[in-house]
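The values are calculated or read from the model by the stated rules, or taken from the named source; none is laboratory data. What you see is a predicted model, and the numbers here were worked out from it, not measured in a lab. Glycine also receives a Cβ, built like all others from the backbone with ideal geometry; neighbour counts cover every protein chain displayed. All accessible areas refer to the heavy atoms of the entire protein, side chains included, with ligands and DNA or RNA removed. Shrake-Rupley method; radii C 1.70, N 1.55, O 1.52, S 1.80 Å.
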Amino acid sequence: METTRLIVVAVGGQGNLLASKVLGEAALLDGVPVRMSEIHGMAQRGGVVESAIVFGDAESTIISDGEADILLGFEPSEVVRAMGRCNARTRVITNTAPLRPFTVAIGQGVYPDVDEMMSLVRERVADLIAIDALALARQAGSPMTMNIVLLGALIASGALGLSRASVEKAITLRAKKAFVEMNLNAFRLGEGAVATA
Amino acid sequence: MHKLLSEKIDKEVLLLGNEAIARGAVEAGVGFATTYPGTPSSELSLNLFQISQETDLYFEYSTNEKVALEVAAAAANSGVRTMCMMKHVGLNVAADPLVTLAYIGVTAGLVILTADDPAMFSSQNEHDNRYYGKLAGLPVLEPSSVEEAKEMTRVAFELSETLGEPVLLRTTTRINHSSAFVTLKEMKTPIPTGNFVPNPMGYVTVPAVSRKLHVKLLENLAKAAALSDASDLNFTVGDGTLGVICNGVSYLYARDAVQDLGLEGQVKILRIGFSNPMPEWMIKDFINGCQKVLVIEEGEPVMEEAVKAFAQEACETLPIKGKADDLFSRLSEFDPAMVRENMARFFDIPYTPASSVEKQGLPEIPQRPPNLCSGCSHRATFYEIKKAAKGMDAMFPSDIGCYTLGFLPPLSMGDFVLCMGASVSSACGFSRATNKKVVAFIGDSTFFHSGITGLVNAVFNNHNFTLVILDNGITAMTGHQPNPGVDMEQMNFPGYTSISIEKVVRSLGVGHVTLIKPFKVKKSIAAIEEALAFEGVSVIISQEPCALHAKGLKLLKPRAFTVTDKCLDHRDCINEIACPSFYLDNGRVHIDADTCVGCAVCAQICPENAIMPLKKK
């Protein structure tokens, strides 16, 4: 089976671990082999968190520089920071709502303009889907569903060969019962954003 | 029911490596488990703790790794299958019992999980614990994948009982923190109690006994060598005259590299899963007929040196390489491209590495280092110490925990971090060897782990420094595990006795003991000034629950603050305490109401009293 390498970049607390688990569960439902790797511990204290998910027949659980087929970004500046993971054929799907690092507030560095960052990314990779996933998550009922909005965009982009039915089922399996409807709604809003983009 | 107690046999489930190992232990019928938490091993302990609430498994968070292993040694010599878990540096703490326990052995399976951390994602060093197998003369097993980690845990218990010796199960972060599908197998019922049969000539390690026990250990090691040579944990895949010998996650990268480089039929791989003792005859047989051998292992050249020694014995002169300037490094961790590239180079295969996108022209992205949380009590304490010590020629040894992050500006509290407990003992040394005022920081869990002995030393030797015990009532960094100071009743775990840090400190005869509530800024600074002025050992206990933990227990109801129009933009709030709830918008300071927990420290330091509780709409 063809190997697809997906990197998820986020800031600690944005829900990338749950998003990875949903994709893993969906892969099982679709009969796609999957392996993934994540980093816990000190990095979770508001730092950058990255998960690697390898679909298909490869054995490795991590992804080397320049070898991501898909980059899923939860935060626009983190997508730029992770550009070294991408090559000219990489497809990028990202949230555009910034989460400014604290270092900016204390004057250590400047947060770049989001539109400018997005056009610099677009020039370098195969294609870029950039949506305000945070706004859509709020529309779905909670900013915490931003991770699922992005999964909707990822599946609708067709970059990953998982079926939407399996991802929806995985969401119902992994999300807390009271939040399943909200998350499914978030997923559909993410899909819709790609269809109209 | 805990998900790892699922009886759906043969079902495939998505598990984290640490969960897979926990399930493997449950399938093996582990009856007794001890640990001191440490990343990357922490979730393994957490799962067994949770499982122990639902089964007969006995589990404890021990005071430190040495204690954990000694408790485990007793259980495993009472006929109870036992697991003892720690991160790699934890095994240094437990090294003393480890080495002599190898002499004594065990009567039931004892698996010691050591989680190494190549690349130091959350550790102070990246040393290679396979050497402990050689040092102690114990078998070492190393899984390559999450699936195998579960199976190997079960095998490790069996091997331990076959040999009557503890077995080291050595993982790396990429095993502990990877997830994959794992097939559930039957579970054995845990039996947490057994019987100890006295045998002084086997258990009382006076020299006359230990001399005999060392003979027994070497005999066991010889048996282990024969088992390693026959073990299906060591196996060959592929065919060819180019040889690869590898272990752990390197095996996965090597498999992918052979496929990516199209080297099927040219490269054969010997995967070592039972790595101490090394399978001598299997290796000699493998290298015979190879043109070249590449040894792929993260960390130190443990296998490489063994393979070279075996080759010498077998009079083989083929090139054998692993660690070299133009091949693999002892530093950090490996990745698939690195292994592919080095394999191509060593075997003279044409290869063009993937090219990353052009980075030139991309804006510089501001750093996003890990930070103390919003409302973290450590931030308040650091700020107050800094104010109280202003003008002093002071230095600040710190320790291992969330509060290590206090070394970052603008708090800049942390000048020397060595290992668990060393803040106190190094303060003894710095206060004697320099003329500086020494103020050391240690957390509650680390104080119990190995800070107490340093404090005893300080009192006995009449040292002169101030120790600040940052008591947030939990082991926070590794994910909120209990420690002996924690009120377990509050978390609905009856049957524990909580120990008062204040009583311990006073009972040691510390000359000056102060308790502060760090969210009361002025009062705390005054109390700290008094403690710093004391000649001799003074201790400040700063008590305030971890905000994250308190929120989780619903003991803390966040009450957000806001910056009102009175703000004259001094920016003391962001420049001096650096709470991540602050942000700038159009050049004005704001507080993110979603993350502010209302500790009110910023409100107390604002020169204009411009920071006020946010009125509820």
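Report yes if B:A119 is open to solvent by 20 Å² or more (accessible area, probe 1.4 Å) and assigned to a loop (DSSP other than H, G, I, E, B), otherwise no. Yes: the conditions hold for B:A119. The residue that is surrounded by the fewest Cβ atoms within 10 Å (Cβ to Cβ), counting only those in the stretch B:461-520 that are among the hydroxyl-bearing types (S, T, Y) and at pLDDT 95 or above, is B:T497. Kindly check whether there is at least one residue in the stretch B:590-613 that is part of a strand (DSSP E or B), more than 36 Å from the chain's Cα centre (by Cα) and within 13 Å of chain A (Cβ to nearest Cβ). There is at least one residue in the stretch B:590-613 that is part of a strand (DSSP E or B), more than 36 Å from the chain's Cα centre (by Cα) and within 13 Å of chain A (Cβ to nearest Cβ). Taking residues in the stretch B:490-508 that are farther than 26 Å from B:L556 by Cα, and partners anywhere that are open to solvent by 50 Å² or more (accessible area, probe 1.4 Å), the pairs with Cβ atoms closer than 8 Å and at least 6 places apart or on different chains are B:L508/B:V456.
Taken over the stretch B:221-276, the criterion of being within 28 Å of A:I63 (Cβ to Cβ), open to solvent by less than 50 Å² (accessible area, probe 1.4 Å), of a type outside the set (A, V, I, L, M, F, W, C) and not in a strand (DSSP E or B) is satisfied by B:G240, B:G248, B:S250, B:Y251, B:Y253, B:D256, B:G262, B:G273. Taken over the stretch B:15-43, residues that are under 21 Å from B:S178 (Cα atoms) and either over 23 Å from the mean Cα position of the chain (by Cα) or assigned to a loop (DSSP other than H, G, I, E, B) (or both) amount to 6.
Return yes or no: is A:M144 assigned to a helix (DSSP H, G or I), facing chain B (nearest Cβ under 7 Å) and within 15 Å of the chain's Cα centre (by Cα)? Spelling it out, it is not the case that A:M144 is assigned to a helix (DSSP H, G or I), facing chain B (nearest Cβ under 7 Å) and within 15 Å of the chain's Cα centre (by Cα). The conditions of being modelled with pLDDT of 95 or more and more than 22 Å from B:A222 (Cα to Cα) are not met by B:R271.
A quick yes/no check of all residues on (1) under 21 Å from B:N483 (Cα atoms); (2) in a strand (DSSP E or B):
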residue: B:T63; (1), (2): yes, no
residue: B:V67; (1), (2): yes, no
residue: B:T114; (1), (2): yes, yes
residue: B:Q124; (1), (2): no, no
residue: B:D128; (1), (2): no, no
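This table checks each residue for (1) modelled with pLDDT of 95 or more; (2) over 14 Å from the mean Cα position of the chain (by Cα); (3) at the interface with chain B (Cβ under 9 Å from one of its Cβ atoms); (4) surrounded by 24 or more Cβ atoms within 10 Å (Cβ to Cβ).
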site: A:G56; (1), (2), (3), (4): yes, yes, no, no
site: A:S60; (1), (2), (3), (4): yes, yes, yes, yes
site: A:G66; (1), (2), (3), (4): yes, yes, yes, no
site: A:D69; (1), (2), (3), (4): yes, no, no, no
site: A:G73; (1), (2), (3), (4): yes, no, no, yes
site: A:E78; (1), (2), (3), (4): yes, no, yes, yes
site: A:R81; (1), (2), (3), (4): yes, yes, yes, no
site: A:G84; (1), (2), (3), (4): yes, yes, yes, no
site: A:T90; (1), (2), (3), (4): yes, no, yes, yes
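Quick check on my filter: what residues within the stretch B:334-363 are part of a helix (DSSP H, G or I) and surrounded by fewer than 16 Cβ atoms within 10 Å (Cβ to Cβ)? Let's see the steps before the verdict.
So in the stretch B:334-363, the residues part of a helix (DSSP H, G or I) come out as B:336-346.
Residue satisfying the conditions is B:R345 alone.
Scanning the stretch B:505-534 for residues that are among the basic types (K, R) and within 32 Å of the chain's Cα centre (by Cα) returns B:R506, B:K517. Here A:M117 meets the list (1) of a type in the set (A, V, I, L, M); (2) free of Cβ contacts under 8 Å to residues at least 12 places away in the same chain; (3) open to solvent by less than 40 Å² (accessible area, probe 1.4 Å) almost entirely, failing just condition (2).
The test for being facing chain B (nearest Cβ under 7 Å), at pLDDT below 95 and open to solvent by 10 Å² or more (accessible area, probe 1.4 Å) holds for A:G46.
Of all the numbered requirements in (1) within 14 Å of another protein chain (Cβ to nearest Cβ); (2) of a type in the set (S, T, N, Q); (3) touching a Leu at 6+ places or on another chain (Cβ under 9 Å), B:Q367 misses one, and that requirement is (3).
Would you confirm, using the coordinates I've provided, whether A:E2 is of a type outside the set (S, T, Y), in a loop (DSSP other than H, G, I, E, B), more than 9 Å from chain B (Cβ to nearest Cβ) and surrounded by fewer than 24 Cβ atoms within 10 Å (Cβ to Cβ)? Judged against the criteria, A:E2 is a match.
With the structure loaded, tell me whether B:L69 is buried (at least 24 other Cβ atoms within 10 Å of the Cβ) and under 13 Å from the mean Cα position of the chain (by Cα) or whether it fails that test. No.
Matching residues to (1) surrounded by fewer than 24 Cβ atoms within 10 Å (Cβ to Cβ); (2) not in a strand (DSSP E or B):
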| position | (1), (2) |
| --- | --- |
| B:M392 | yes, yes |
| B:Y403 | no, yes |
| B:F430 | yes, yes |
| B:N435 | yes, yes |
| B:A440 | no, no |
| B:L455 | no, yes |
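When A:L99 is tested against (1) hydrophobic (A, V, I, L, M, F, W, C); (2) over 25 Å from A:T3 (Cβ atoms); (3) touching a strand residue (DSSP E or B) at 6+ places or on another chain (Cβ under 8 Å); (4) facing chain B (nearest Cβ under 7 Å), just one condition goes unmet, and that condition is (4). Taking (1) touching a residue at least 60 places away in the same chain (Cβ under 8 Å); (2) of a type in the set (S, T, N, Q); (3) within 30 Å of B:A257 (Cα to Cα) in turn, B:T466 satisfies each apart from (3).
Give the stretch A:102-115 a look and list any residue that's assigned to a helix (DSSP H, G or I) and more than 7 Å from every other protein chain (Cβ to nearest Cβ), or say none.
Across the stretch A:102-115, the qualifying residues are A:V114, A:D115.
Confirm whether B:S398 is modelled with pLDDT of 95 or more, within 22 Å of B:G509 (Cβ to Cβ) and open to solvent by less than 10 Å² (accessible area, probe 1.4 Å). Answer is no for this residue.
Taking the stretch B:292-302 as the range and being of a type outside the set (D, E) and under 21 Å from B:D239 (Cα atoms) as the test, the residues that pass are B:K292, B:V293, B:L294, B:V295, B:I296.
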